[in-house]
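Please read the structure below before turning to the comments.
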Amino acid sequence: MNVAFLDLRRETAEVARDLRAAVNGVLAESCFVGGSAVAGFERELAAFCGAADAVGVGSGTDAIAIALRAVGVGEGDEVITAANTAVATVAGIALAGATPVLADVDPATLTLDPDSAATAIGPRTRALVPVHLYGRCAGMEALLELAREHGLKVVEDAAQAHGAELGGRRVGALGDAAAFSFYPTKNLGALGDAGAVVTSDPGVAERSRVLREYGWNADRVSVERAGQSRLDTLQAAVLLAKLPRLERWNERRRELAGRYTAALAGSAIEPPAAAPERGHVHHLYVVRAGGRDRLRERLRTLGVETLVHYPRPVHGHPAWAGLARPSALDESERASREILSLPLYPQLTDDEAGAVLEAVLAA
Ligand SMILES: *Cc1c(COP(=O)(O)O)cnc(C)c1O
């Protein structure tokens, strides 16, 4: 049996009726920027996260930039994030005018290591951007404590972790603000690009609304210099239609991840470390293996498609090679050589999951 890494046609088919109704609703209202879909999705997303407000923007990268500016980060400021992340994280930091500084990850969770982040703090540090990578809530207790000690803002990169929890609270409600992406393959995905800033600070929400649209205040007077990054109305309607299914989809991801992890116990393939109850929404199921590239090739010949997230740490990209990295980034570098993402998404069938495991154990 061939197993694709992800077949989004299945999710689209599952929600097709609701999507058509959502698009028809936008056509009926014919308010193509803003309108009830954007306001409705912002309200529902904030409620889902347990936060006071959400501000729809054009992408996850823009959400990081706008959230950082809204909490007061700008030109000349340094922002610490993990070296093992999507380049979008540092792109967003740079777009805010700030300078990204790289810290290492905890080898067990592959999220920002608080000790490494601490060594990266200098006189110009203004914020931390922990990434809830692969769907796992980062070590927020220690990071929030570190931020408090040093007077830093915390902007969560929650692009991969819609619905992940820490002690009964959801990501998006843990820091000063959070950035979400609704890139089509995320746990909650649009039919194109979309993002949001989530915050419980009314000042940060208001400033995010100003920053997403020409720096306009309520009277359409530009009170600061800003570009345009609105959440598209059609995308908002699509997201509003999909949001009620997100918890069920995350449950199915957890079920599949549990099955994979149980089957891999005692094998040469290291499953992801256990996470606290509901602390992981398994955007990606990332194992570690020596000889990763050979394993990947072997799985390909057995019909199982895999990907690597990510094959290079941020500083392995020429554009970002010059970023400051005050401490060694050994764990991020080692991870980039050993990690492998197996197919895992809500519509993956039990038979396909079985075929993945059979191939992995045979390989
Ligand atoms: C997807 C992603 C982003 C960026 O989202 P876009 O919507 O593609 O701009 C940022 N950070 C992480 C960790 C992501 O996975």
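Just a few scattered comments:
- Net lengthening on full extension, Glu145/Ala16 (0.36 nm per residue, minus Cα-Cα): 42.0 nm
- By accessible area with a 1.4 Å probe, ligands and nucleic acids excluded, highest first: order of Ile93, Ile121: Ile121, Ile93
- For the pair region 340-357 and region 275-311, the centres of their Cα atoms are 11 angstrom apart.
- Largest to smallest principal axis extent of the C-alpha atoms in region 245-362, angstrom: 45, 34, 26
- Within the accessible area of region 245-362 (1.4 Å probe), percent carbon and sulfur: 50 percent
- Ranked by the mean number of other Cβ atoms within 10 Å per residue, highest first, peptides 332-342, 178-188 order as 178-188, 332-342.
- At a probe radius of 1.4 angstrom, the accessible area of the chain per residue rounds to 41 square angstrom.
- Of the beta bridges in the chain, as assigned by DSSP with both residues counted there, near 60 percent are antiparallel.
The values are calculated or read from the model by the stated rules, or taken from the named source; none is laboratory data. These figures come from a predicted structure and were not determined experimentally. Here the Cβ is made from the backbone with ideal geometry for all residues, glycine too, and neighbour counts use every protein chain on show. Note: accessible area is taken over every heavy atom of the protein model, side chains too, but ligands, DNA and RNA are not part of it. Shrake-Rupley method; radii C 1.70, N 1.55, O 1.52, S 1.80 Å.
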